[in-house]
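Chemist: Structure in structure tokens, see below.
The values are calculated or read from the model by the stated rules, or taken from the named source; none is laboratory data. Quantities reported herein were computed from a predicted structural model and do not represent experimental measurements. Because the Cβ atoms are built from the backbone with ideal geometry, glycine has one as well, and the counts that use them run over all protein chains shown.
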């Protein structure tokens, strides 16, 4: 009986410590900063939606997701604005800068870049906290 009480107490304490430690590590991760890059643009009128979204998926898989510091990427379309939004999360501003500098020179993204109406393109970066 004494041993079972001691074992039960040990198990309860172990579970509580596990919950506390897990909670602390999740809070630490939630406080880490990263960069949110938001780009909006229209694709050229000569480009079909199917061609654009196919190329967008290729760029995410073969280019953006392979860059150092990449966290995530998503894109969407607003019918009301006739506008594409691309949101990329980067570990640091330097990672975002390096990717953009490379993007502008990389021939593997030329087809995608040529689909964008450059006059409609806007980009902003935000520090997430």
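Chemist: Out of segment 77-94, which residues are outside any strand (DSSP E or B) and surrounded by fewer than 15 Cβ atoms within 10 Å (Cβ to Cβ)?
Modeler: 79, 80, 81, 82, 92, 94
Chemist: Return yes when residue 32 is under 16 Å from residue 126 (Cβ atoms) and free of Cβ contacts under 8 Å to residues at least 40 places away in the same chain and no when it is not. Quick ask: steps written out before the conclusion?
Modeler: Values: under 16 Å from residue 126 (Cβ atoms): yes; free of Cβ contacts under 8 Å to residues at least 40 places away in the same chain: yes.
For residue 32, the condition - under 16 Å from residue 126 (Cβ atoms) and free of Cβ contacts under 8 Å to residues at least 40 places away in the same chain - is met.
Chemist: Among the numbered criteria (1) at pLDDT below 95; (2) surrounded by 10 or more Cβ atoms within 10 Å (Cβ to Cβ), which one does residue 35 miss?
Modeler: Result: residue 35 fails condition (1) only.
Chemist: Okay, moving on. Name, by its number, the condition in (1) at pLDDT 95 or above; (2) under 20 Å from the mean Cα position of the chain (by Cα) that does not hold for residue 100.
Modeler: (1)
Chemist: Then there is this: Can you run down the residue pairs with Cβ atoms below 6 Å, 6 or more apart or on separate chains, where the first is in segment 51-68 and in the same structural domain as residue 109 (by TED's automatic domain parsing) and surrounded by fewer than 14 Cβ atoms within 10 Å (Cβ to Cβ) and the partner is at pLDDT 95 or above and part of a helix (DSSP H, G or I)?
Modeler: 68/95
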